[in-house]
Each structure stands twice: as structure tokens, then as C-alpha cells.
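Asker: Quick one: this structure, given as C-alpha cells, is what I'll be asking you about.
FYI, it's all coordinate maths here, none of it is from the lab. Here the structure is a predicted model, which means the values were calculated and not measured. Ideal geometry is used to build each Cβ from the backbone, glycine not excepted, and the neighbour counts take in all protein chains shown.
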Amino acid sequence: MHAYQDLVAQAVRDYEGFWANLAATTLDWSKPFTKVLDETEAPFYKWFEDGELNASYNCIDRHVEAGNGSRRAIVFEADDGKVSYVTYADLLNGVSRFANALKRRGVGKGDRVVIYMSMSVQGVVAMQACARIGATHSVVFGGFSSKALNERLVDVGATALVTADEQVRGGKTLPLKSIADEALALGGCEAVKSVIVYQRTGGEVAWKEGRDFWMHELTQTESDQCPPEPVGAEHPLFILYTSGSTGKPKGVQHSTGGYLLWAAQTLKWTFDWKQNDVFWCTADIGWITGHSYITYGPLALGGTQVVFEGVPTFPNAGRFWDMIARHRVSLFYTAPTAIRSLIKASEVDSKSHPKQFDLTSLRILGTVGEPINPEAWVWYHENVGGGRCPVVDTWWQTETGGHMITPLPGATPLVPGSCTLPLPGIMAAVVDETGQDVPNGQGGILVIKRPWPSMLRNIWGDPDRYRSSYFPEELGGKLYLAGDGAVRDNGTGYFTIMGRIDDVLNVSGHRLGTMEIESALVAHPLVAEAAVVGRPDDTTGEAVCAFVTLKRELPVGEDATQLASELRTWVGKQIGPIAKPKDIRFGDNLPKTRSGKIMRRLLRSLAKGEEITQDVSTLENPTILEQLGESR
Ligand code: WT7
């Protein structure tokens, strides 16, 4: 705790000096920076702007040059249990060849490459290859639909798309290339000149000569020498889409220098990372956690990590624990939803209980993505960590690039359900609607008061939305608005996150905009109006609940069940299976105020099954409350 407090004090005393020291010691710069923070165009902050570096060099070459080429970078376990090992020398070879292949396809510095793949070494290689040549990647989660992929291809202006023939999860084969073909056919992305396909299963796929290329064929003939392209520290390393309060996802734009610094530094601090650790982050590369704690952080530190293709419940719910035992994992990082579902599974099938496995290699456990309820925290600590391993509950966001508020293992006294204290240099606070600090013990809005190196730099193509979403005038225009509610403990000052304060849902740690789902629903020919809210769910944290009115008469019985199932499939096609509403409720109309605003608070109560205590006298048709109470 003293060491932590020292670092916190250093950052307060000399903010720029604190960050400059970290950046100079954690990363290798081909041209050292002389400027640290530039605030002249705030909130468009610049960090280490005149410095140059290459992210792929920092993640791969420097370890090989230091004589560690034969060190294991990745232990890859396929869905069927087949294990393969990738050294830093292998990575250098693979990334260089793929980078050369991209260049030959005309991809260069500043071009955008969309990566639509499942969990694979090739996915990591594709990301690193983009970084190597200064191309900006945008990874689209393999569970997104063709329409969602199309929107992202168009918005980011991609010139190349990297995908796979198929993906394998839970013993099942699912398409990728055919969805990518559909996405391209939807139009608006004619700039995509090359589609590069990783052959995962060998399943049959359609082929467009001159546009489509097999990854293995392209790389076979390329040289394994590809000098890393130095880029300015502010060069966009990647754009990652995430949900916001409107129907349109936001392209969160990250930098190279500041981002990479924090991905590496947080791993050192939060996981007390040591050279002989085996790290395993179970996230997908399609989310920020997979970017920072698979593709960039662990590799920047020259570490060894497990990458897993499959799902936690296949072939049985003991898969995670079995893998930890077999690979001697010491640092394990997963989502509360996974923990909760594995708790349930172990109650049904005692063979999948963590107690059945040798988990003595574990040193530190982490969670991310959503609040963890104290019951799940305690179970994780006791049964997975054997009561020995600190649990780090890490609060952060796509926009923050890396951990922001988290315990430091062995230092911070832990309290289940609290992410405890901000990392050194992170000026987190809880304020009211006018931006004034609220006293501890009083709930408020979570903000970050000073810019930090790994913060997002912009929303791709929409600087106005960047400013209004994250630096709203109501809060004075200078505070970073996280979009979460929080409260600090009276005694310890610890932060507890109280969930989103905007129209964003968190389902199984996945972020979904209610407006996105509403737009998907109203695009259905039978739907007149839709309102989507979240309700608490034992396993997924929150569940999607949709209230729907139709352009035809109210469906009843079997008809309603069928229509609900059709709408779920529809939303799955429009956005992706993760966005499918769990509950669908039909009504003749939706509860509205006199001015015509949908009464969302009332809908939230209905979704929870609460008794309605609110004033409903303004409702035109109070009987709809009964209709809307019935879930399909
Ligand atoms: C939102 C960000 C961070 C990477 C994965 C999700 C929620 C995240 C925690 C936590 C409580 C958390 C917040 C945040 N969240 N971590 N430890 N405790 N809530 O990234 O998709 O950008 O979502 O996830 O609501 O704003 P994301």
C-alpha cells in the first residue's frame, strides 16, 4: 500500500513526469518523445506526440533481439482440445509474412483493415501485422451479423477484410466467410479490394476470383523479413466499435504510444506480472479486453499466455479448470457471467466443480466487464483460488484502453463487489449532474478528471459526438464522463460501480445499446413501435426485455410465442445473437407521458415483475400494463 500511495503521490506532484517516465521505460521508441501531454486542442488530447515507435516491434522483435525468440508467446488450445505452441520467433516469422502479404495487396500506413475472425493465433497475427505496417485494424466480433459487419466496413472505410472460412465453438462449426460475403454484398464497402481468408475448417466457401485469397497461400511466398514501420505515437493503432446511447455504434479510436504503454503497464501492476507467469485472459479478440490483454499487453511484456478457441462449457463445464491445470496457468482473467454460469453448472454436475482439479498453479484471479456480485466473488476466491489468490475486480471500458480502477494484488485490502481504488495517475471521482464532487457515501456520476495516455482519441469520423458523449458541457466540458454510476465508501474511499446511467445494457459483459435493438425491431415489417430496457438476470447480469406494438392485432397464445421467436431471430440477423431479447412483451400500445415520451422507468418495473407503484393516471389505456406484464 505504501508503494501504491507513493506512485499516486508522484503522479499528483508531477503528472507529466510520472507518465513520461513510464512511457520511456516500458516501451522502445525508434524516436524518443520530447513532449508529453498536449492539451491545446482539448478534449482532443495528444500524448508523446513527437515520439515514434511501432507496436509490433514492441510486442515481438524486441524480445527476439534480446535473445528470447524461443520463449513461448502463445499456448493455443483449439475447441477440440488440440494444443499448439507459438514462440516469439514463430510470431515474428508469421507476422512479417502476413504484413508483407498485406502490403502486396496494396494495404499501407493509415489504411483500415477489418478483421472478422474467431479466436485464433491467426487473428492475433493479423492484428499485429496491421500494426507492423501502420495500418489501422478494426476487429469485428465473430458473433456479429452481416448487417453489423457491413455497417462497420462502411463506417471505417476498410480496404481489406481478413476473415476465416468457418469458426468452431462448442463442437459446432459456424460460418464466417459466407457472412462476410453477405456483408460485402450489402454494398457501400466497394473500397474493400481484398478478402483474405484463414482456412480453419476446410469447409466449402464461395470464392470471388481476384478479390478472395487464402491466407496460407499469400504468406507462403512472402519473405519473413518485414521492417516494422515507425509511426507517430498518436497514429491510430485501431478502431473498435462499441455501443452508445444512439442507434449507431461508435468507432472508438485508440492511439499507438499511449495505448500500448497502458496495456503493458496495467498488466504489470494489476496482475503483478512476472517473467515465468502463464497468463490466460478468456475474452475474445473482438472486444477491448482481447485487444489489451491478449494481442498487446502480454506480448509487449514478452510473456506467455493461453489463447482459447472454444467455450467454457464444452465438452463440459470443467473446461476452464482443466485447462488451468494442464497449462499451469498462474494469472487468470475472466468475466463474472462465466463464473456465475460455471457455479450453476457445478451444482448440477459435481465433476465440473473446480475442486476436482489441481489449481495450485494459480496466483491471481481477475474479473472484468460487469459488476461481480459478492456471492460469485466469494465462490471464485474460495473454490478457484483456494482462498489463496487475490481477486482483482478491474473496472474499465473500451474507451479507457486499459484498467482504471482495480485492486493491486497483495497490496489493496479486498472487498467483494468493489473495484477499490484508481491506479496511479488515474484521477477518478464521483460528481453530481453539474460536475461538483459529491461526498463519499453518496452516489453520483463516475468521471476521470485528467486525460490519461490510453484514453480514446476520437470517435472515428465524428468528433462532435466524441465531445458531446465524453466531455459534456453540463459537467463543464473537461471531465471524462464514463457513463457509469458509482459511490465511494465513507471510510476507505473505495469505488463501487452501480451500473450504466445511459441507455446502454450490459448482457454477459457485452455492451448493447437499447436504441440499436429498438431500431432492429422496428425494421421488422410487422413492428410498429418498440422499447427496450434491461432487467436483472442471475447469470447474464442484465437481460434484454423488449416491449413491442404491432401493425396488426395483438397476438395471443401460440401466435404470440411464434411471433416472439421470429422477432428474436430477426434481431439476431440484424445485430447478432448476443442482442436477441430474452423477454418479448406485446401490447396494443406503450405507456407514454402526456408529451408522448415512453415511460421507461415504468417499463423497467414491468420487466422486473415489480408491482407498479408509480402514478399511471396519465396513461391513456391502463389495461396495457396487464398486457405488457406477460412475457413471451
Ligand atoms: C462497461 C464497459 C472493460 C472491458 C470489457 C467491457 C462495465 C466493466 C466493470 C467492473 C462493474 C464494469 C461498466 C463499463 N464494467 N468492468 N469491474 N465492475 N462494471 O468493456 O464493453 O466497453 O463496457 O462495462 O458499465 O462502463 P465495455
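Asker: Given an 8 Å cut-off on Cα distances and at least 6 residues of separation, report the relative contact order of region 535-632 as a percent.
Answerer: Relative contact order for region 535-632 comes out at 32 percent.
Asker: Something else: If amide hydrogens are placed 1.01 Å from N in the peptide plane, which non-local residues have theirs closer than 5 Å to the one on Lys592?
Answerer: Distant-sequence amide H within range of Lys592: Met599, Glu620.
Asker: Considering amide H positions built from the backbone, and no H for Pro or chain starts, which residues 5 or more places from Thr163, or on another chain, come under 5 Å of its amide H?
Answerer: Hits under the 5 Å cutoff: Tyr116, Ile196, Val197, Tyr198.
Asker: What are the ³J(HN,Hα) couplings of region 550-563, residue after residue, when phi is run through the Karplus curve with 6.51, -1.76, 1.60 and θ = phi - 60°? Round to Hz, x for glycine and proline.
Answerer: 10, 7, 10, 5, 4, x, 10, x, 4, 4, 5, 4, 5, 5
Asker: For region 1-154, what does the relative contact order come out to in percent, with C-alpha contacts under 8 Å and a separation of six or more?
Answerer: 15
Asker: Then there is this: Kindly provide log₁₀ I(q)/I(0) values, in the same order as q = 0.12, 0.18 Å⁻¹, from the Debye equation applied to equal alpha-carbon scatterers of region 14-148.
Answerer: Ignoring solvent entirely, the Cα scatterers give -0.63, -1.13.
Asker: For the modelled label position 7 Å from the Cα of Thr434 along Cα-to-Cβ, which residues of region 464-508 have backbone nitrogen atoms closer than 18 Å?
Answerer: Residues 472-479 fall inside that zone.
Asker: Rank by packing, highest mean first: peptides 168-179, 590-601, with packing defined as the count of other Cβ atoms within 10 Å averaged across residues.
Answerer: 168-179, 590-601
Asker: Among rounded, prolate and oblate, which fits the chain when a ≥ b ≥ c are the square roots of the eigenvalues of its C-alpha gyration tensor, a/c under 1.5 means rounded, and a/b larger than b/c means prolate?
Answerer: Rounded.
Asker: Can I ask one more? Can you tell me which of 484-497, 390-403, 276-289 comes out highest on packing, and rank the rest after it, using the mean Cβ neighbours within 10 Å?
Answerer: 390-403, 276-289, 484-497
Asker: Under the rule of at least 5 residues apart or a separate chain, name every residue whose amide H is placed under 5 Å from the amide H of Val307.
Answerer: For Val307, whose amide H was placed from the backbone, the distant partners under 5 Å are Val75, Phe76, Glu77.
Asker: For the chain, what is the mean residue ellipticity at 222 nm derived from helices alone (per DSSP H run of n ≥ 4: -39500 (n - 2.57); sum divided by total residues; nearest 500 deg cm²/dmol)? Kindly include the intermediate steps, with their values, before the conclusion.
Answerer: Numbers: 17 runs with 175 residues, N = 632.
Theoretical 222 nm ellipticity from helices: -8000 deg cm²/dmol.
Asker: Hey, how many Å between the Cα centroid of region 8-67 and the Cα centroid of region 364-388?
Answerer: 33
Asker: Something else about it: Kindly flag which residue pairs out of Lys172/Lys582; Lys31/Lys478; Lys172/Lys268; Lys248/Lys580; Lys248/Lys478; Lys193/Lys248 have an alpha-carbon separation exceeding 28 Å in this structure. Spell out each step's value before the answer.
Answerer: Working: Lys172/Lys582 23 Å; Lys31/Lys478 31 Å; Lys172/Lys268 36 Å; Lys248/Lys580 17 Å; Lys248/Lys478 24 Å; Lys193/Lys248 25 Å.
Result: Lys31/Lys478; Lys172/Lys268 exceed 28 Å.
Asker: Same structure again: Taking the highest mean first, how do the peptides 69-80, 140-151 order by number of other beta carbon atoms within 10 angstrom per residue?
Answerer: 140-151, 69-80
Asker: Assuming R0 = 41 Å, what is the FRET efficiency of Val556 and Thr618, from their Cβ-Cβ distance, to the nearest 0.05? The partial results should precede the final answer.
Answerer: Values: r = 27 Å, r/R0 = 0.66.
So the FRET efficiency works out to roughly 0.90.
Asker: Could you tell me the center-to-center distance, by alpha carbons, between region 407-485 and region 241-272 in angstrom?
Answerer: 14
Asker: Report the label-to-label distance for Lys608 and Thr593 in nanometres (one decimal), using points 7 Å from each Cα along the Cα→Cβ vector.
Answerer: 2.0
Asker: Under the classification rounded if a/c is under 1.5, otherwise prolate if a/b is larger than b/c and oblate if not, where does region 119-222 fall, given a ≥ b ≥ c as square roots of the Cα gyration tensor eigenvalues?
Answerer: Verdict is rounded for region 119-222.
Asker: Is the shape of region 1-69 rounded, prolate or oblate, going by the alpha carbon gyration tensor and its root eigenvalues a ≥ b ≥ c, with a/c under 1.5 for rounded and a/b larger than b/c for prolate?
Answerer: Judged from the Cα gyration tensor, region 1-69 comes out oblate (a/c at least 1.5, b/c at or above a/b).
Asker: Here is a follow-up. For region 514-632, count all C-alpha to C-alpha pairs, find those more than 16 Å apart, and express that count as a whole percent of the total.
Answerer: 58
Asker: With θ set to phi - 60° and the Karplus curve 6.51 cos²θ - 1.76 cosθ + 1.60, what are the ³J(HN,Hα) couplings of region 505-517 in order, to the nearest whole Hz, using x for Gly and Pro?
Answerer: Ordered by residue, 3J(HN,Hα) equals 9, 10, 10, 6, x, 9, 8, 9, x, 4, 5, 4, 6 Hz.
Asker: What lysines could a cross-link reach from Lys250, if we take a straight Cα to Cα line under 18 Å and drop same-chain neighbours fewer than 8 places away?
Answerer: Hits, sequence-local ones excluded: Lys147.
Asker: Divide, for region 271-369, the radius of gyration over alpha carbons by 2.2 N^0.38 Å, where N is the residue count.
Answerer: Rg over 2.2 N^0.38 Å, computed on Cα atoms: 1.05.
Asker: In percent, what relative contact order does the chain have, based on Cα pairs under 8 Å that are 6 or more apart in sequence?
Answerer: 12
Asker: Another question about this same structure. For region 564-632 and region 205-225, what is the centre-to-centre distance using only Cα atoms, to the nearest Å?
Answerer: After rounding, the separation between the Cα centres reads 49 Å.
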